[in-house]
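To start, the structure itself, in structure tokens.
Values quoted throughout were computed directly from the atomic coordinates according to the rules given, and no laboratory measurement underlies them. In this text, all values refer to a predicted model and were calculated from it rather than measured experimentally. Positions of Cβ are generated from backbone atoms using ideal geometry, with glycine treated the same way; all protein chains shown enter the neighbour counts.
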Amino acid sequence: MSVLRSKDVNINGINWRAKAEIYDNTNEVVRDCQTRPVRLNKYRLESVSPDFHGVRSYEEALEFLRNGYQPVVERLRSSLKVMPTEYKSIVSVVNSHQGFVPSVPLALKNLPNSMLDMQYNFPKHKVLDVYYDMTASCSTEPEQFIKAGKVLLETIMLLERSGYKFNLYGVQTYCQKGNCTGDLDFFCVKIKSSDKPFDLKRMSYPLTHPSFFRVIGFDWQGKSPITRDVGSMRGMGLYYLFHNLSEPTRIAQAMFGDNAFYISCAQIIKAEWTTDEVKAVFSNVGTKTKAS
């Protein structure tokens, strides 16, 4: 079953009435999509088209959600073969009571730590909770979703080789802002646990494919018990209200915990980020400011 959560979060004088429905896996999403009645009739799914949704039918989107999107899996596997391994040990030579060779000056003084030994200092695992917002404007092309998700996944694979660990969530945000208040609905699905290896087939679809947002997400929005009528701004995401990552990260922290970090598909697309830029974003994860 999904978990429902709500919280009021004040950001820059705006009181956000935030709600979230959090799924532990994609199978739970499929179940709710198939069994829930439509609550908001105006949000009934439109005719699906490959040019906009990236699929030919609602059933095809559900099939991808169950089994993954194979074309992206193949592209990621090709990238993985050429990615450098950045995981390095730091080797130092230290004086010790035992070792592989004596330190002659210390041995002549008959000191107990007169042997030289090798010390390996491996980086400690740093666990990041990453919330990747797939919400993007109607002008976003299907291929742009795929490229942005591919950059994110390549970055995470590279950082895991460097000693990082990730809890990874696919997120969509539906919001509306007034003068002093705002409404925000989170659709959140866990894609990867920090103690589990990569499963590219399972992770590919909710992080790269436009129909996860434009078909599955829109369907969820019309059926979830937490969603509210946000008028014409059906797909208005947090990034489009703030045009940065810091305020959305503060909201995500308030909703999901202090270790939460928000990153936007729209930001990656707009700035044409590569893995280097996304890595730089994650390196600043410890400098976040908590929401009031």
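Points to keep in mind about this one:
- Out-of-range pairs (alpha-carbon distance over 31 Å; input Lys147/Lys223; Lys190/Lys279; Lys126/Lys177; Lys147/Lys192): Lys126/Lys177
- Between Ile14 and Cys180, the simple label model (points 7 Å from Cα in the Cβ direction) yields a spacing of 1.6 nm.
- The Arg161 and Asn27 beta-carbon pair, evaluated with R₀ = 25 Å, returns a calculated FRET efficiency of approximately 0.30.
- Extension reserve of the Gln70-Ser96 stretch, reckoned as 0.36 nm per residue once the Cα distance is removed: 4.0 nm
- Counted residue by residue at 0.36 nm each, then reduced by the alpha carbon distance between them, the extension gain from Ser49 to Tyr240 reaches 66.3 nm.
- Protection-proxy order for peptides 158-165, 131-138, each taking the mean of Cβ atoms within 10 Å per residue, highest first: 131-138, 158-165
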